[in-house]
1. What residue, of Asp99, Asp62, is among the charged types (D, E, K, R) and in a helix (DSSP H, G or I)?
2. Test Val53 against the criterion of being crowded, with 16+ Cβ neighbours inside 10 Å and in contact (Cβ under 8 Å) with a residue 40 or more places away in the chain, and give yes or no.
3. So in region 37-50, with the set limited to residues that are in contact with a Gly (Cβ under 6 Å, 6 or more places away or on another chain) and not β-branched (Val, Ile, Thr), which one is surrounded by the fewest Cβ atoms within 10 Å (Cβ to Cβ)?
4. Those residues that are over 19 Å from Gln82 (Cα atoms) and either among the hydrophobic types (A, V, I, L, M, F, W, C) or in contact (Cβ under 8 Å) with a residue 12 or more places away in the chain (or both), I need them from region 34-47; list them, please.
5. Condition first: out of contact with any Phe, Trp or Tyr (no Cβ under 6 Å at 6 or more places or on another chain), among the charged types (D, E, K, R) and within 15 Å of His21 (Cβ to Cβ). Now tell me which residues in region 42-65 satisfy that.
6. If you scan region 68-104, which residues turn out to be within 15 Å of Leu117 (Cβ to Cβ) and among the small types (Gly, Ala, Ser)?
7. For region 56-66, give me each residue that is more than 11 Å from Pro25 (Cα to Cα) and either buried (at least 17 other Cβ atoms within 10 Å of the Cβ) or hydrophobic (A, V, I, L, M, F, W, C) (or both).
8. Going through Thr96, Thr81, Thr77 one at a time, which residue ends up being hydroxyl-bearing (Ser, Thr, Tyr) and without any contact (Cβ under 8 Å) to a residue 40 or more places away in the chain?
Amino acid sequence: MDPNYVGNEEDEIYKENILDHFKNPRNFGEIVEAEIEHSELNSVCGDMIKLFVKLGDDKVVDVKFKGNGCAISMASTSMLTQKLKGKTLEEIKKITKEDIFEMLGVKLGVVRQKCGLLCLNILNKGVKEMEKNGKNN
C-alpha cells in the first residue's frame with residue numbers, strides 16, 4: 001500500500017475486490033435458452049453488458065454475463081451474478097441499488113453510480129420482459 005495513502009484499509013480491500021472481479025469476472029459467458037436474457041448500453045462511458053439467467057424450480061440455477069466495460073460495471077455485474085445463484089424470482093426483485101453499492105463497498109460519484117447500477121437495471125428489465133412475454137428471446 002502507498003505510504004502516502006490517506007484512507008483506511010477497508011477502502012483498499014474493497015478496491016482490490018473490484019479490481020479482482022474486473023480482471024477475473026465470475027460467471028462470464030453465455031447461457032443458451034436462458035429464461036432471462038437482456039442487454040443494455042451505458043451511453044455515459046460505453047459499457048455494454050448482456051445478462052443470462054437460467055431458472056429451475058422457481059430459482060436461479062445458473063447465471064452468466066458477457067460484454068465489456070469499465071471496472072465498476074464489470075465488477076458489479078460479476079458480484080451480482082454470484083449473489084443471484086439460488087435466489088427465487090421474488091428475492092431477485094427485492095435487490096436494491098443499496099445492495100449493489102454495499103457489494104461494491106466504495107462510494108461512487110453520480111456518473112460511476114450509473115456504471116455500478118447497470119447490472120441491476122439489466123436484471124430488472126430482463127425480469128419484466130420475461131414476465132410480460134414468457135421466455136425472453
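Since every read-out is calculated from the coordinates, none of them should be taken as a lab result. None of the values given here were measured: they were computed from a predicted structure. Reconstructed Cβ throughout: ideal geometry from the backbone, glycine too, with neighbour counts over all protein chains shown.
1. Values: Asp62 fails: in a helix (DSSP H, G or I).
Going through Asp99, Asp62 in turn, just one is among the charged types (D, E, K, R) and in a helix (DSSP H, G or I): Asp99.
2. Yes; evaluated as a whole, the condition is true for this residue.
3. Met48
4. Of everything in region 34-47, those that are over 19 Å from Gln82 (Cα atoms) and either among the hydrophobic types (A, V, I, L, M, F, W, C) or in contact (Cβ under 8 Å) with a residue 12 or more places away in the chain (or both) turn out to be Glu40, Leu41, Asn42, Val44, Cys45, Gly46, Asp47.
5. Asp47
6. Gly69, Ala71, Ser73, Ala75, Ser76, Ser78
7. Val60, Val61, Val63
8. None of the other options fit; the residue is Thr96.
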